[in-house]
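The values are calculated or read from the model by the stated rules, or taken from the named source; none is laboratory data. Here the structure is a predicted model, which is why all the values come from computation and not from measurement. Don't worry about glycine lacking a Cβ; one is built from the backbone with ideal geometry, like all the others, and counts go over all protein chains shown.
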Amino acid sequence: MSLLVVGSIGLDTVKTPVEERSDLLGGSASYAALGASFFTPVNLVGIVGDDFPQSEFQAWESRGIDTRGVQRVHGNTFRWSGEYAWDLNTRETRSVALNVFETFSPTLPEEYRATPFVLLANIAPNLQAHVLDQMNEPRFVLADTMDLWIKTTRSDLDRLLKRVDLLILNDSEAREITQETSLIRAGRKIQQSGPRFVAIKKGEHGALLFGQDEFFSCGAYPLEDIHDPTGAGDTFAGGLGGFVSAHAQGEVTFDLLRRAMIYGSVLASFCVEAFSLERLRHLRSDEISERYKMFKAMSQFESISR
Ligand code: AMP
C-alpha cells in the first residue's frame, strides 16, 4: 500500500522565545511525508523553486518518498515565518511569501493516480480538490486544513469536505468552522458536513477522534524539552495516514484510526524535539516502538501495580 501526500514544501524562519533559525526545510507536505515514511511508501506532490536544495530530494528518496510529483520551476520556493509565545502553543505568522505556489497547479504523474490512500496536507482547498480530481477512486482520503482557508475560501472547503473520509484540524479551527464552543458539538457538526471521521488536535492537550457512534480521546506524549513546535500537526497527520496505509485491511475502521492516532501523536512528539525536520531525519523505528509502549503504559486508566 502507499500514501499520496500533497501540500506545501517551503523554507521557514522560526523564532521561539529562546532561538531564531532561518532557511529551514518546512511546509505541510515535508513534515507529513517524512512522518508517513516510517510506515509506508509515499508519493509526494508539491512545487519548489530553483533556490531549493537538491540534497532534500536525495534525503526524501532515501526514505522511500517518491519525488516524481514534485515540480521544480523557475522562481523562489514558498516561504513562511512564524514566532512562538512562551507557551509554545500560541504562534503568530510574521510573513508568508507564496512565490512558486502562486501559479501551482498540481499534476499527478500517471503512476500516482491509483495510490489507494491520500493525505491532502494543508494547502488551498481548490488545490486539494484538483489532486482528488486526478485520482482513480482512492480507498480513503484524509485532509488537513487551517484557519486561513476557513476565513478566505470557505465554499471551496465546504465542497472538499464532501469528498473527505477523515478531516484533521485543530481545536480553534473546529470552533471557527462550526461556530460552536464545545469541541464535542463541533466534531459532530463537522461530520454532518461530509467526513465520516474527524480528528481534532488540541496541541499539548492531545487529540479527539469522532466516528459514527464512537469517540476516542488521547493525551499528548509529555515532553520536558520542546524546541520547535512547527510541523507537529502535519507530522501527526502524516504518521496517522502512514499507519492507516500500512495496516488497513478492507474498510478503514474506527479501531484502526484510534491506533493510528496514537502513532501520529508519537511521531509529533519527536518532531518538536528539534528545529525543522532534524529529529525526524534521524529517528529510528525502534525509538517509535519504544515511545508507543511508554505512551500506552502512561495512558492506562488504572494502574496495574497497587
Ligand atoms: P503546523 O505547525 O503543523 O501548523 O505547520 C507549519 C508548516 O506549515 C510550516 O512549515 C509552514 O511552511 C507551513 N505553512 C504555513 N502557512 C501555510 C499556508 N498558508 N499554506 C501551506 N502551508 C503553510
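See the values below:
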item: Residues that are in contact with a strand residue (DSSP E or B) (Cβ under 6 Å, 6 or more places away or on another chain) and either more than 16 Å from the ligand (Cβ to nearest atom) or assigned to a loop (DSSP other than H, G, I, E, B) (or both), drawn from segment 119-136; result: 121, 122
item: Residue in segment 97-118 that is away from the ligand (no atom under 11 Å from the Cβ) and part of a strand (DSSP E or B) present; result: yes
item: Residues (free of Cβ contacts under 8 Å to residues at least 40 places away in the same chain and in contact with a Lys or Arg (Cβ under 7 Å, 6 or more places away or on another chain)) located in segment 97-113; result: 97
item: Scope segment 82-92; condition part of a strand (DSSP E or B) and either away from the ligand (no atom under 11 Å from the Cβ) or within 18 Å of the chain's Cα centre (by Cα) (or both); matching residues; result: 82, 83, 91, 92
item: Residue list for segment 5-40, filter: part of a helix (DSSP H, G or I) and more than 8 Å from the ligand (Cβ to nearest atom); result: 29, 32, 33, 34, 35, 36
item: Conditions (1) out of contact with any Gly (no Cβ under 7 Å at 6 or more places or on another chain); (2) modelled with pLDDT of 95 or more; (3) surrounded by fewer than 17 Cβ atoms within 10 Å (Cβ to Cβ): number failed by residue 162; result: (1)
item: Filter result for residue 150 (within 11 Å of the ligand (Cβ to nearest atom) and either surrounded by 12 or more Cβ atoms within 10 Å (Cβ to Cβ) or over 19 Å from residue 268 (Cα atoms) (or both)); result: no
item: 1 or more residues within 16 Å of the ligand (Cβ to nearest atom) and either closer than 21 Å to residue 5 by Cα or among the hydrophobic types (A, V, I, L, M, F, W, C) (or both): qualifying strands (runs of 3 or more DSSP E) within segment 163-260; result: 166-170, 197-201, 207-210
item: Qualifying residue in segment 41-55 (condition: part of a helix (DSSP H, G or I) and without any contact (Cβ under 8 Å) to a residue 60 or more places away in the chain); result: yes
item: Number of positions in segment 114-133 that are free of Cβ contacts under 8 Å to residues at least 60 places away in the same chain, surrounded by 15 or more Cβ atoms within 10 Å (Cβ to Cβ) and either of a type in the set (D, E, K, R) or in contact with a Pro (Cβ under 8 Å, 6 or more places away or on another chain) (or both); result: 2
